[in-house]
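Below is one structure, written out as structure tokens; comments come after it.
Bear in mind these aren't lab numbers, they're just calculated from the coordinates by the rules spelled out. Computed from a predicted model, the values in this text were never measured in an experiment. Note that each Cβ is placed from the backbone with ideal geometry, even for glycine, and that neighbours are counted across all protein chains shown.
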Amino acid sequence: MSAADGPGGPLPAALLPLTAEVDADDRLRIGGCDTLALAEEFGTPLFVYDEAHLRARCREAVEAFGPGVNYATKAFLCKAMAALAHEEGLHLDVSTAGEYHVARAAGVPASALVLHGNNKSTGELARALREGVGRIVVDSFDELDRIEALVAAGLPAPAVLLRLTPGIEAHTHEYVQTGQDDSKFGFGVHTGAADAAFQRAQASPAVDLVGLHTHIGSQIFEARFFERAIEVLARWFHDHELPELSVGGGIGVAYVAGEEAPSIAEWGKAVHDACAAAGITARLTAEPGRAIVAQAAVTLYTVGTVKDIPGIRTYVAVDGGMSDNPRPVLYGSGYETFLPRSTGAARTRRVTVVGKHCESGDVLVREGRVPADLRVGDVLATPVTGAYGHSMGSNYNKVPRPAVVFVADGSARLVVRRETEDDLLRHDL
């Protein structure tokens, strides 16, 4: 398969999972499994994850940041993914009681969890303290109040990192910027809240302050933004013996032809170099999520309708949509599309891939390309859908959520079953 993607060219191989290959009939195989056979066996829409790809990226993260680097579970979480990340030496970053519960159900010990979130409830904090959570990233003064009350009631004092907001506006979509002064997250450096929180945490017997945390946003392609954040935080490490610094996550991935993104290894080197330049000797860690899972998966759909409007556009409607991938609707995110039955074929036909929801904005790929012979009944695929598709999915229009399969060594295992219509009634009284 050619990696070139000129006008109408084939899908770039760099956008496919690690073990993706094209057989003699031009059909796409991942993990040794024929994707068309997977669609027939498990139905569509279907998330197909390359287990070898997931493990390779986990190992790359451990190599870049050391054992205990934190996988950001919000990108994609089920019991199988939690277990896989833990097996590969990662800790898990969880931000809600639900994510915490799934990780624990997968057998991940509380000591390997980092509890995040800007509005942790007393119940969430109590369970984490009671079970011996590894770290809590403290986000507000109200949270410090809750922790102090719980410890006063007899629960053990946790190891904490303070989340500082460095006042960095990274170049990314405004909805996923998190490091600017005007943010719901963390203690602002420029407002004085960071200094006040640091002094309080140091003086409080209810917390063991072990370090600082920062997060400047998601889908960031330039290391200089991480370097600037590290420069802002450096003075705390110069003035105090803090053993840990987490630079959060946010490194970008390529979604469409022509995009390039740094690898986890390159990102790790850049932040290590920035810490060295700033004189920070604390243990460095991070929270890769998208960079581990995004490219590991493709989503398979079945084409149900092809509607050509002469002189305007051709709509290709599939059996999923914004309920399994809301990123295009939320962020205007771009994706590629192709036909797994003709993976290396030229994609000369311009189409807009849409879902089945009752919304004009239910668009998956606005400027898509497919082979000229696309037809109703074809399996159509979108690559790089491993992050924030399944995890952000919904039942809008009462559409059941898709199944998830992990593929490896020629075998597929169902890790999340497809919802049924009866599942949609389970909570009704």
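Short-range pairs are left out: with C-alpha atoms under 8 Å and at least six residues apart, the relative contact order of the chain is 21 percent.
When H101, H390 are arranged by Cβ crowding within 10 Å, least crowded first, meaning fewest neighbours, the order is H101, H390.
Using the alpha-carbon centroid of each, what span in Å lies between region 80-152 and region 205-267? Spelled out, the Cα-based centre of one part sits 20 Å from the other.
For the chain, a crude dipole built from +1 on the beta carbon of Lys and Arg and -1 on the beta carbon of Asp and Glu, taken about the Cα centre, is about 480 debye to the nearest 20. Sorted on the mean count of surrounding Cβ atoms within 10 Å across their residues, most packed first, peptides 305-315, 395-405 read 395-405, 305-315. With a threshold of 26 Å on the Cα-Cα distance, the over-threshold entries among K184/K269; K120/K356; K79/K398 are K184/K269; K120/K356.
Between L424 and V306, what FRET efficiency comes out of the Förster formula 1/(1 + (r/R0)^6) with R0 = 30 Å and r the beta carbon distance, rounded to 0.05?
0.60
Phi angles across region 184-189 convert, under the Karplus curve 6.51 cos²θ - 1.76 cosθ + 1.60 with θ = phi - 60°, into 3J(HN,Hα) values of 6, 9, x, 9, x, 5 Hz, Gly and Pro given as x. Can you list the residues, at least 5 places off or on another chain, whose amide H is less than 5 Å from the amide H of V351, using H built in the peptide plane? The list, which skips near neighbours in sequence, is G368, R369, V370. Between the Cα long axis of helix 264-278 and the first principal axis of the chain there is an angle of about 30°, rounded to the nearest 10. Peptides 212-222, 116-126 ranked from most to least packed give 212-222, 116-126, packing being the mean of other C-beta atoms within 10 angstrom over each peptide's residues.
Among M392, M322, M81, the order by Cβ neighbours within 10 angstrom, fewest to most, reads M392, M322, M81.
Modelled spin-label separation between E266 and K79, with each label point placed 7 Å from Cα along the Cα-to-Cβ direction: 3.9 nm. In summary, the chain shows an alpha-carbon radius of gyration equal to 1.02 times the 2.2 N^0.38 Å reference for compact globular proteins. Label region 1-70 by shape, choosing from rounded, prolate and oblate, from the square roots a ≥ b ≥ c of the eigenvalues of the Cα gyration tensor; if a/c is under 1.5 it is rounded, and otherwise prolate applies when a/b is larger than b/c, oblate when it is not. Oblate, because a/c is 1.5 or more while a/b does not exceed b/c. Fewest neighbouring Cβ atoms within 10 Å first, the residues L429, L364 line up as L429, L364. Calculated [222 nm] ellipticity per residue, helices only, for the chain: -8000 deg cm²/dmol; basis is -39500 (n - 2.57) per DSSP H run with n ≥ 4, divided by all residues, nearest 500.
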